[in-house]
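> Supplied in C-alpha coordinates, the structure appears directly below.
The values are calculated or read from the model by the stated rules, or taken from the named source; none is laboratory data. All values reported here derive from a predicted model rather than from experimental measurement. Here the Cβ positions follow ideal geometry from the backbone for every residue, glycine too, while neighbour counts run over all protein chains shown.
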Amino acid sequence: MFKKIAVMLFAATLLVGLPNLATQSYAGGFGLPATPNLPKAVGAGEQVTVAPISPAVPGKATYKWFIGGKQVAKVTSATIKIPAGTIGKALQVQQYSTVGKKTNLVGLSTPLTIGTQSIPSLPTIVFGSSASTELSVILPSNNVPANATASYTWYHGGIEIAGATKPTYTYAETERGLLISVGITYKKPGYKDKTVYSQDLQIPALPKNYKLLWSDEFNSPTLNSAVWAPQNGDGTEYHNRGWGNNERQWYLLQNSTIDSAGNLNMLATQTGASQYNCYYGKCEWLSSKLVTLNKVGFKYGHLEARIKAAPGAGSWGAFWMLGANIDDRGWPGCGEIDVTEILGRDINTTYGTLHGPMSGGGGRGDKATLPASLADGWHTYAVDWLPDSITWTVDGVEYAKQTKTDADWVFDHEFYVILNLAMGGGFGGQIDPTLKQSTMSFDYVRFYSINGVGEVINH
(Lines give C-alpha, C1' and ligand atoms only; values in the text may rest on other atoms or scores of the structure.)
Protein backbone atom coordinates (compact mmCIF):
# COMPACT_ATOMS: atom_id res chain seq x y z
CA MET A 1 0.00 0.00 0.00
CA PHE A 2 2.85 2.44 0.95
CA LYS A 3 4.57 1.77 -2.37
CA LYS A 4 1.36 2.50 -4.29
CA ILE A 5 0.88 5.88 -2.52
CA ALA A 6 4.51 6.87 -3.20
CA VAL A 7 4.10 6.12 -6.91
CA MET A 8 0.90 8.19 -7.04
CA LEU A 9 2.64 11.19 -5.36
CA PHE A 10 5.57 10.99 -7.76
CA ALA A 11 3.23 10.89 -10.76
CA ALA A 12 1.39 13.94 -9.46
CA THR A 13 4.72 15.73 -9.12
CA LEU A 14 5.57 15.06 -12.75
CA LEU A 15 2.20 16.41 -13.83
CA VAL A 16 2.44 19.75 -12.04
CA GLY A 17 6.19 20.38 -12.44
CA LEU A 18 7.53 22.14 -9.36
CA PRO A 19 6.11 20.43 -6.26
CA ASN A 20 4.36 22.24 -3.47
CA LEU A 21 6.43 22.65 -0.30
CA ALA A 22 3.51 21.32 1.69
CA THR A 23 3.92 17.90 0.01
CA GLN A 24 7.74 17.87 0.28
CA SER A 25 9.26 14.35 0.06
CA TYR A 26 11.31 12.81 2.81
CA ALA A 27 14.84 11.44 2.46
CA GLY A 28 14.51 7.72 1.82
CA GLY A 29 10.84 8.02 2.76
CA PHE A 30 11.69 8.39 6.48
CA GLY A 31 13.13 10.87 8.95
CA LEU A 32 13.22 14.68 8.84
CA PRO A 33 12.24 16.78 5.77
CA ALA A 34 15.05 16.74 3.21
CA THR A 35 16.39 20.07 1.91
CA PRO A 36 19.19 20.51 -0.59
CA ASN A 37 20.64 23.92 0.23
CA LEU A 38 21.18 26.83 -2.14
CA PRO A 39 23.55 29.72 -1.32
CA LYS A 40 22.13 32.74 0.55
CA ALA A 41 22.20 34.87 -2.60
CA VAL A 42 22.29 34.09 -6.30
CA GLY A 43 22.70 36.61 -9.12
CA ALA A 44 21.75 36.39 -12.76
CA GLY A 45 24.76 35.24 -14.78
CA GLU A 46 26.37 33.47 -11.80
CA GLN A 47 27.22 29.78 -11.50
CA VAL A 48 25.48 28.11 -8.57
CA THR A 49 26.12 24.76 -6.90
CA VAL A 50 23.55 23.24 -4.59
CA ALA A 51 24.69 21.46 -1.42
CA PRO A 52 23.11 17.97 -1.48
CA ILE A 53 20.97 16.62 1.33
CA SER A 54 22.85 15.84 4.51
CA PRO A 55 23.21 13.16 5.76
CA ALA A 56 23.76 11.69 2.32
CA VAL A 57 20.97 9.75 0.66
CA PRO A 58 21.94 6.31 -0.81
CA GLY A 59 22.19 6.12 -4.57
CA LYS A 60 23.24 8.43 -7.37
CA ALA A 61 22.07 12.02 -6.97
CA THR A 62 20.59 13.94 -9.90
CA TYR A 63 18.78 17.29 -9.98
CA LYS A 64 16.01 19.20 -11.68
CA TRP A 65 16.31 22.99 -11.70
CA PHE A 66 13.35 25.40 -11.89
CA ILE A 67 13.44 29.12 -12.66
CA GLY A 68 10.19 31.01 -12.37
CA GLY A 69 8.35 27.69 -11.96
CA LYS A 70 9.64 26.29 -15.25
CA GLN A 71 12.12 23.43 -15.45
CA VAL A 72 15.50 24.23 -16.98
CA ALA A 73 16.03 21.71 -19.79
CA LYS A 74 19.06 19.37 -19.89
CA VAL A 75 20.50 20.38 -16.53
CA THR A 76 20.71 17.43 -14.11
CA SER A 77 23.93 18.18 -12.20
CA ALA A 78 24.35 19.98 -8.87
CA THR A 79 25.66 23.07 -10.71
CA ILE A 80 23.85 25.50 -12.98
CA LYS A 81 24.70 28.76 -14.74
CA ILE A 82 21.86 31.21 -14.01
CA PRO A 83 20.76 32.85 -17.28
CA ALA A 84 20.81 36.63 -17.69
CA GLY A 85 17.46 38.39 -17.52
CA THR A 86 16.17 36.29 -14.62
CA ILE A 87 16.45 38.86 -11.81
CA GLY A 88 13.38 38.63 -9.59
CA LYS A 89 12.46 35.09 -10.59
CA ALA A 90 12.30 32.20 -8.12
CA LEU A 91 15.01 29.52 -8.19
CA GLN A 92 14.40 26.01 -6.81
CA VAL A 93 16.01 22.63 -7.23
CA GLN A 94 14.74 19.07 -6.72
CA GLN A 95 17.13 16.31 -5.70
CA TYR A 96 16.57 12.74 -6.94
CA SER A 97 18.22 9.51 -5.90
CA THR A 98 18.68 6.47 -8.20
CA VAL A 99 19.20 3.05 -6.64
CA GLY A 100 19.27 0.28 -9.19
CA LYS A 101 16.50 1.00 -11.64
CA LYS A 102 14.45 3.14 -9.25
CA THR A 103 14.66 6.94 -9.13
CA ASN A 104 12.89 8.80 -6.31
CA LEU A 105 12.41 12.43 -5.43
CA VAL A 106 14.14 12.90 -2.08
CA GLY A 107 14.28 16.66 -1.51
CA LEU A 108 13.23 20.16 -2.56
CA SER A 109 15.13 23.36 -1.84
CA THR A 110 13.58 26.45 -0.32
CA PRO A 111 12.72 29.01 -3.06
CA LEU A 112 15.34 31.72 -3.60
CA THR A 113 14.69 34.94 -5.53
CA ILE A 114 17.42 35.56 -8.08
CA GLY A 115 19.25 38.86 -7.74
CA THR A 116 18.14 39.63 -4.17
CA GLN A 117 20.63 41.27 -1.85
CA SER A 118 20.22 40.61 1.86
CA ILE A 119 21.29 43.33 4.30
CA PRO A 120 19.80 42.39 7.68
CA SER A 121 21.30 45.27 9.69
CA LEU A 122 21.49 49.06 9.24
CA PRO A 123 24.50 51.30 8.73
CA THR A 124 25.49 53.34 11.78
CA ILE A 125 26.77 56.93 11.85
CA VAL A 126 29.55 57.61 14.36
CA PHE A 127 31.31 60.78 15.45
CA GLY A 128 35.02 61.33 15.19
CA SER A 129 36.96 62.68 18.14
CA SER A 130 35.41 65.28 20.41
CA ALA A 131 37.32 67.99 18.53
CA SER A 132 36.26 66.71 15.09
CA THR A 133 33.22 67.66 13.03
CA GLU A 134 33.58 64.58 10.81
CA LEU A 135 30.99 61.83 10.73
CA SER A 136 31.67 58.38 9.32
CA VAL A 137 29.69 55.23 8.62
CA ILE A 138 30.02 51.75 10.06
CA LEU A 139 28.69 49.47 7.34
CA PRO A 140 26.71 46.27 7.94
CA SER A 141 29.05 43.29 8.12
CA ASN A 142 26.50 40.60 7.25
CA ASN A 143 25.28 41.74 3.84
CA VAL A 144 24.98 39.15 1.06
CA PRO A 145 26.63 39.22 -1.42
CA ALA A 146 29.51 40.60 0.61
CA ASN A 147 31.40 42.09 -2.34
CA ALA A 148 28.68 44.45 -3.64
CA THR A 149 29.81 48.03 -4.25
CA ALA A 150 28.48 50.63 -1.79
CA SER A 151 27.63 54.26 -2.64
CA TYR A 152 26.57 56.97 -0.19
CA THR A 153 23.98 59.73 0.04
CA TRP A 154 23.72 61.98 3.11
CA TYR A 155 20.49 63.68 4.21
CA HIS A 156 19.34 66.52 6.47
CA GLY A 157 15.92 65.65 7.84
CA GLY A 158 15.23 63.51 4.78
CA ILE A 159 16.44 66.13 2.29
CA GLU A 160 19.42 65.06 0.20
CA ILE A 161 22.60 67.05 0.78
CA ALA A 162 23.96 67.99 -2.64
CA GLY A 163 27.43 66.56 -3.31
CA ALA A 164 27.59 64.56 -0.07
CA THR A 165 28.46 61.14 -1.52
CA LYS A 166 31.46 60.00 0.51
CA PRO A 167 31.59 57.54 3.42
CA THR A 168 32.41 60.51 5.66
CA TYR A 169 30.69 63.86 6.11
CA THR A 170 32.10 66.99 7.73
CA TYR A 171 29.33 69.17 9.09
CA ALA A 172 29.40 72.95 9.40
CA GLU A 173 28.64 74.91 12.53
CA THR A 174 25.36 76.00 10.94
CA GLU A 175 24.26 72.36 10.87
CA ARG A 176 24.47 71.84 14.60
CA GLY A 177 21.19 70.67 16.06
CA LEU A 178 20.02 69.19 12.74
CA LEU A 179 19.10 65.57 12.11
CA ILE A 180 21.40 63.77 9.69
CA SER A 181 21.21 60.33 8.13
CA VAL A 182 22.91 58.37 5.38
CA GLY A 183 21.62 56.00 2.71
CA ILE A 184 23.85 53.19 1.41
CA THR A 185 23.07 51.76 -2.01
CA TYR A 186 24.64 48.39 -2.84
CA LYS A 187 25.18 47.50 -6.50
CA LYS A 188 26.35 44.30 -8.14
CA PRO A 189 25.83 42.95 -11.67
CA GLY A 190 23.07 40.35 -11.70
CA TYR A 191 21.35 41.82 -8.64
CA LYS A 192 18.74 44.44 -7.93
CA ASP A 193 20.15 47.55 -6.26
CA LYS A 194 19.50 47.55 -2.53
CA THR A 195 19.37 50.72 -0.41
CA VAL A 196 19.36 50.82 3.37
CA TYR A 197 19.20 53.88 5.60
CA SER A 198 20.75 54.67 8.94
CA GLN A 199 18.76 56.00 11.85
CA ASP A 200 18.61 59.79 12.18
CA LEU A 201 21.43 61.20 14.27
CA GLN A 202 21.25 64.68 15.75
CA ILE A 203 24.37 66.73 15.32
CA PRO A 204 25.06 68.10 18.79
CA ALA A 205 23.80 71.62 19.19
CA LEU A 206 25.88 74.34 20.73
CA PRO A 207 24.35 76.91 23.04
CA LYS A 208 23.24 79.77 20.82
CA ASN A 209 25.59 82.71 20.99
CA TYR A 210 23.98 85.93 19.78
CA LYS A 211 26.04 88.92 18.64
CA LEU A 212 24.35 92.23 17.86
CA LEU A 213 25.12 93.27 14.27
CA TRP A 214 22.56 96.01 13.66
CA SER A 215 19.73 97.86 15.38
CA ASP A 216 17.48 100.87 15.23
CA GLU A 217 16.58 102.01 18.75
CA PHE A 218 14.45 104.95 17.50
CA ASN A 219 16.31 107.32 19.81
CA SER A 220 16.51 110.13 17.23
CA PRO A 221 13.55 112.50 16.89
CA THR A 222 13.18 111.69 13.20
CA LEU A 223 13.14 108.45 11.26
CA ASN A 224 16.49 107.28 9.86
CA SER A 225 16.07 107.64 6.10
CA ALA A 226 19.23 105.56 5.50
CA VAL A 227 17.31 102.59 6.91
CA TRP A 228 13.60 103.16 6.34
CA ALA A 229 11.57 104.14 3.29
CA PRO A 230 7.79 104.57 3.18
CA GLN A 231 5.51 102.63 0.88
CA ASN A 232 2.63 105.10 0.60
CA GLY A 233 -0.80 104.63 -0.91
CA ASP A 234 -3.28 101.79 -1.20
CA GLY A 235 -1.01 99.45 -3.17
CA THR A 236 -2.24 100.48 -6.60
CA GLU A 237 1.07 102.20 -7.38
CA TYR A 238 2.78 98.87 -6.66
CA HIS A 239 0.35 96.92 -8.89
CA ASN A 240 -1.08 95.38 -5.71
CA ARG A 241 -4.18 97.38 -4.86
CA GLY A 242 -5.51 96.81 -1.40
CA TRP A 243 -2.02 95.36 -0.77
CA GLY A 244 -3.34 92.02 -2.02
CA ASN A 245 -5.68 91.64 0.95
CA ASN A 246 -8.54 94.11 0.32
CA GLU A 247 -7.17 96.36 3.07
CA ARG A 248 -8.92 99.68 3.78
CA GLN A 249 -6.03 102.03 4.65
CA TRP A 250 -3.93 104.57 2.74
CA TYR A 251 -0.34 104.59 3.95
CA LEU A 252 1.48 107.85 4.72
CA LEU A 253 4.99 108.46 6.04
CA GLN A 254 3.77 111.14 8.46
CA ASN A 255 1.70 108.57 10.32
CA SER A 256 4.97 107.11 11.65
CA THR A 257 6.46 109.31 14.37
CA ILE A 258 9.07 108.89 17.10
CA ASP A 259 8.17 110.07 20.60
CA SER A 260 10.40 111.44 23.36
CA ALA A 261 10.65 108.00 24.97
CA GLY A 262 12.32 106.59 21.86
CA ASN A 263 9.36 104.69 20.46
CA LEU A 264 8.26 104.52 16.84
CA ASN A 265 4.47 104.92 16.77
CA MET A 266 2.36 103.97 13.77
CA LEU A 267 -1.02 105.65 13.91
CA ALA A 268 -4.08 104.30 12.09
CA THR A 269 -6.79 106.97 12.02
CA GLN A 270 -9.93 107.93 10.16
CA THR A 271 -9.08 111.61 10.46
CA GLY A 272 -8.16 113.04 7.06
CA ALA A 273 -8.59 109.72 5.22
CA SER A 274 -11.33 110.98 2.92
CA GLN A 275 -8.86 113.36 1.28
CA TYR A 276 -7.41 110.35 -0.54
CA ASN A 277 -8.96 108.13 -3.17
CA CYS A 278 -8.51 104.41 -2.51
CA TYR A 279 -9.16 101.58 -4.91
CA TYR A 280 -12.68 101.27 -3.47
CA GLY A 281 -13.52 105.02 -3.39
CA LYS A 282 -12.86 107.66 -0.70
CA CYS A 283 -10.35 106.20 1.75
CA GLU A 284 -11.60 105.23 5.19
CA TRP A 285 -8.29 105.00 7.08
CA LEU A 286 -4.80 106.44 7.10
CA SER A 287 -1.88 104.47 8.51
CA SER A 288 1.82 103.82 7.79
CA LYS A 289 4.20 101.27 6.29
CA LEU A 290 8.01 101.33 6.42
CA VAL A 291 10.49 99.05 4.61
CA THR A 292 14.27 98.62 4.46
CA LEU A 293 14.16 97.58 0.79
CA ASN A 294 17.27 98.71 -1.14
CA LYS A 295 18.68 100.23 2.04
CA VAL A 296 19.44 97.42 4.52
CA GLY A 297 19.06 93.69 3.88
CA PHE A 298 19.49 90.65 6.09
CA LYS A 299 20.40 87.01 5.54
CA TYR A 300 20.06 84.46 8.35
CA GLY A 301 20.43 85.39 12.00
CA HIS A 302 18.14 86.51 14.84
CA LEU A 303 15.70 89.32 14.13
CA GLU A 304 13.57 90.78 16.92
CA ALA A 305 11.45 93.78 17.80
CA ARG A 306 9.86 94.97 21.04
CA ILE A 307 6.28 95.87 20.18
CA LYS A 308 3.06 97.09 21.77
CA ALA A 309 0.19 95.87 19.59
CA ALA A 310 -2.60 98.00 18.11
CA PRO A 311 -5.96 97.41 19.83
CA GLY A 312 -9.41 97.36 18.22
CA ALA A 313 -11.18 94.86 16.01
CA GLY A 314 -10.03 95.32 12.42
CA SER A 315 -6.45 96.41 13.22
CA TRP A 316 -3.72 94.23 11.74
CA GLY A 317 -0.21 95.06 12.82
CA ALA A 318 2.79 93.22 11.40
CA PHE A 319 6.57 92.89 11.71
CA TRP A 320 7.77 90.82 8.77
CA MET A 321 10.22 90.25 5.91
CA LEU A 322 10.07 89.75 2.16
CA GLY A 323 12.68 88.33 -0.21
CA ALA A 324 14.76 91.13 -1.74
CA ASN A 325 14.37 89.40 -5.13
CA ILE A 326 10.64 90.17 -5.19
CA ASP A 327 10.95 92.15 -8.46
CA ASP A 328 12.42 89.09 -10.18
CA ARG A 329 10.51 86.26 -8.49
CA GLY A 330 7.30 87.95 -7.42
CA TRP A 331 5.27 86.88 -4.41
CA PRO A 332 5.23 84.21 -2.98
CA GLY A 333 8.22 82.95 -4.98
CA CYS A 334 10.47 85.47 -3.23
CA GLY A 335 9.44 84.14 0.19
CA GLU A 336 7.80 85.85 3.16
CA ILE A 337 8.72 85.50 6.85
CA ASP A 338 6.10 86.89 9.23
CA VAL A 339 7.85 87.43 12.57
CA THR A 340 4.52 88.44 14.07
CA GLU A 341 1.05 89.40 12.93
CA ILE A 342 -1.35 90.62 15.61
CA LEU A 343 -5.06 91.09 15.00
CA GLY A 344 -7.17 93.49 17.06
CA ARG A 345 -10.01 90.99 16.99
CA ASP A 346 -7.73 88.34 18.54
CA ILE A 347 -5.46 90.63 20.54
CA ASN A 348 -3.96 87.94 22.83
CA THR A 349 -2.48 85.97 19.92
CA THR A 350 0.70 86.29 17.84
CA TYR A 351 0.94 84.53 14.49
CA GLY A 352 4.28 83.35 13.03
CA THR A 353 4.09 82.21 9.40
CA LEU A 354 6.14 81.41 6.30
CA HIS A 355 4.83 81.87 2.77
CA GLY A 356 6.56 80.22 -0.18
CA PRO A 357 5.75 79.13 -3.74
CA MET A 358 3.99 75.96 -2.54
CA SER A 359 2.28 77.18 0.63
CA GLY A 360 1.17 80.47 -0.97
CA GLY A 361 -1.35 82.59 0.89
CA GLY A 362 -2.14 79.90 3.44
CA GLY A 363 1.45 79.66 4.60
CA ARG A 364 3.05 77.40 7.18
CA GLY A 365 3.52 78.22 10.83
CA ASP A 366 1.75 78.44 14.16
CA LYS A 367 0.47 80.85 16.78
CA ALA A 368 0.83 81.53 20.49
CA THR A 369 -1.84 82.92 22.78
CA LEU A 370 -0.83 84.85 25.87
CA PRO A 371 -2.97 85.42 28.99
CA ALA A 372 -3.29 89.20 28.52
CA SER A 373 -3.86 91.57 25.62
CA LEU A 374 -0.74 92.18 23.55
CA ALA A 375 -1.81 95.83 23.36
CA ASP A 376 -1.56 96.28 27.15
CA GLY A 377 2.23 95.95 27.37
CA TRP A 378 5.50 95.41 25.53
CA HIS A 379 6.43 92.01 24.16
CA THR A 380 9.48 90.86 22.19
CA TYR A 381 8.78 88.98 18.94
CA ALA A 382 11.67 87.22 17.19
CA VAL A 383 12.79 84.60 14.70
CA ASP A 384 15.95 82.53 14.63
CA TRP A 385 16.53 82.19 10.89
CA LEU A 386 19.08 79.54 9.91
CA PRO A 387 19.78 77.81 6.57
CA ASP A 388 17.59 74.82 7.43
CA SER A 389 15.12 76.13 10.01
CA ILE A 390 13.16 79.14 11.25
CA THR A 391 12.05 79.29 14.88
CA TRP A 392 9.59 81.80 16.37
CA THR A 393 9.64 83.09 19.93
CA VAL A 394 7.63 85.56 21.97
CA ASP A 395 9.37 86.95 25.05
CA GLY A 396 12.09 84.35 24.53
CA VAL A 397 9.72 81.35 24.55
CA GLU A 398 9.65 79.19 21.41
CA TYR A 399 6.19 78.51 20.02
CA ALA A 400 6.74 77.49 16.38
CA LYS A 401 9.40 76.01 14.12
CA GLN A 402 9.57 75.19 10.42
CA THR A 403 12.39 73.21 8.78
CA LYS A 404 13.61 72.87 5.23
CA THR A 405 11.72 69.92 3.78
CA ASP A 406 10.70 70.75 0.21
CA ALA A 407 10.73 73.30 -2.60
CA ASP A 408 8.65 75.72 -0.51
CA TRP A 409 11.89 76.65 1.27
CA VAL A 410 13.00 79.82 -0.50
CA PHE A 411 14.52 81.40 2.59
CA ASP A 412 18.14 81.22 1.49
CA HIS A 413 18.82 84.76 0.23
CA GLU A 414 18.59 88.40 1.28
CA PHE A 415 15.35 89.64 2.84
CA TYR A 416 14.23 93.14 3.87
CA VAL A 417 12.22 94.21 6.94
CA ILE A 418 8.69 95.65 6.92
CA LEU A 419 6.75 97.40 9.70
CA ASN A 420 3.12 98.24 9.04
CA LEU A 421 -0.31 98.69 10.56
CA ALA A 422 -3.12 97.65 8.23
CA MET A 423 -6.84 97.98 8.74
CA GLY A 424 -9.43 95.39 7.74
CA GLY A 425 -8.77 93.10 4.81
CA GLY A 426 -9.00 89.35 4.49
CA PHE A 427 -7.00 88.59 7.63
CA GLY A 428 -7.67 91.79 9.61
CA GLY A 429 -11.39 91.19 9.41
CA GLN A 430 -14.34 93.47 9.95
CA ILE A 431 -13.42 96.84 11.44
CA ASP A 432 -15.28 97.84 14.60
CA PRO A 433 -17.54 100.73 13.46
CA THR A 434 -16.90 102.54 16.76
CA LEU A 435 -13.10 102.41 16.31
CA LYS A 436 -11.66 105.76 15.24
CA GLN A 437 -7.92 105.23 15.68
CA SER A 438 -5.33 102.71 16.88
CA THR A 439 -1.56 102.76 17.42
CA MET A 440 1.16 100.13 17.08
CA SER A 441 4.46 101.01 18.81
CA PHE A 442 8.03 99.77 18.33
CA ASP A 443 10.67 100.22 21.04
CA TYR A 444 13.44 98.87 18.79
CA VAL A 445 14.33 96.51 15.92
CA ARG A 446 17.53 94.47 16.36
CA PHE A 447 19.46 91.90 14.35
CA TYR A 448 22.01 89.42 15.72
CA SER A 449 24.22 86.70 14.32
CA ILE A 450 23.71 83.18 15.74
CA ASN A 451 26.99 81.39 16.46
CA GLY A 452 28.56 83.51 13.76
CA VAL A 453 25.75 82.98 11.22
CA GLY A 454 24.02 86.13 10.06
CA GLU A 455 24.71 88.94 7.62
CA VAL A 456 23.70 92.59 7.25
CA ILE A 457 23.72 93.87 3.66
CA ASN A 458 24.03 97.65 3.39
CA HIS A 459 23.02 99.20 0.07
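> Condition first: at pLDDT 95 or above, touching a helix residue (DSSP H, G or I) at 6+ places or on another chain (Cβ under 9 Å) and farther than 9 Å from T349 by Cα. Now tell me which residues in region 362-388 satisfy that.
Correct list: A375 only.
> I'd like to know if region 122-141 contains one or more residues that are part of a loop (DSSP other than H, G, I, E, B) and within 21 Å of L38 (Cβ to Cβ). Talk me through it step by step, then tell me what you get.
Let us first name the residues in region 122-141 that are part of a loop (DSSP other than H, G, I, E, B), namely 122-123, 128-133, 139-141.
Adding the requirement that they be within 21 Å of L38 (Cβ to Cβ) leaves none.
The answer is no; no qualifying residue exists.
> Check every one of the strands (runs of 3 or more DSSP E) wholly within region 240-343 and list those with 1 or more residues that are under 30 Å from the mean Cα position of the chain (by Cα) and surrounded by fewer than 19 Cβ atoms within 10 Å (Cβ to Cβ).
On the way: elements: 249-251, 256-258, 264-269, 285-287, 289-291, 296-299, 301-308, 315-323, 336-343.
Output list reads 296-299.
> Right, next: Pick from region 99-126 the residues that are in contact with a Pro (Cβ under 9 Å, 6 or more places away or on another chain) and without any contact (Cβ under 8 Å) to a residue 24 or more places away in the chain: which of them is farthest from G183 (Cα to Cα)?
The selected residue is P120.
> I need a count of the residues in region 144-202 that are within 30 Å of K89 (Cβ to Cβ) and of a type in the set (K, R).
So the count comes out to 4.
> May I pose another question? Please tell me if N104 is at negative phi and part of a strand (DSSP E or B). Spell out how you get there, then give the answer.
Values: at negative phi: yes; part of a strand (DSSP E or B): yes.
The answer is yes for N104.
> Of the conditions (1) in a loop (DSSP other than H, G, I, E, B); (2) buried (at least 20 other Cβ atoms within 10 Å of the Cβ), V417 fails just one. Which one is it?
(1)
> Here's another thing I want to ask about it. If you go through region 77-90 one residue at a time, do you hit one that is at pLDDT below 95, polar (S, T, N, Q), loosely packed, with under 13 Cβ neighbours inside 10 Å and in a loop (DSSP other than H, G, I, E, B)?
No, that holds for no residue.
> Oh, and also: Taking only pairs six or more apart or across chains, which ones have beta-carbon atoms under 9 Å, a first residue in region 421-438 that is touching a residue at least 60 places away in the same chain (Cβ under 8 Å), and a second residue that is β-branched (V, I, T) and assigned to a loop (DSSP other than H, G, I, E, B)?
M423/I431; G424/I431; K436/T271; Q437/T271
> On the basis of being farther than 17 Å from W385 by Cα, outside any loop (DSSP other than H, G, I, E, B) and polar (S, T, N, Q), does T350 make the cut? Before the answer, list the steps.
Values: farther than 17 Å from W385 by Cα: yes; outside any loop (DSSP other than H, G, I, E, B): yes; polar (S, T, N, Q): yes.
Spelling it out, T350 is indeed farther than 17 Å from W385 by Cα, outside any loop (DSSP other than H, G, I, E, B) and polar (S, T, N, Q).
> Tell me which residues, restricted to region 269-300, are without any contact (Cβ under 8 Å) to a residue 60 or more places away in the chain and more than 23 Å from V417 (Cα to Cα).
As a first pass, look at region 269-300 and keep what is without any contact (Cβ under 8 Å) to a residue 60 or more places away in the chain: 272-283, 286.
Of everything in region 269-300, those that are without any contact (Cβ under 8 Å) to a residue 60 or more places away in the chain and more than 23 Å from V417 (Cα to Cα) turn out to be G272, A273, S274, Q275, Y276, N277, C278, Y279, Y280, G281, K282, C283.
> Collect the residues in region 91-103 that are loosely packed, with under 11 Cβ neighbours inside 10 Å and small (G, A, S), keeping them in residue-number order. Break it down stepwise before answering.
Step one: list which residues in region 91-103 are loosely packed, with under 11 Cβ neighbours inside 10 Å, which gives 100-102.
Within region 91-103, just G100 meets the criteria.
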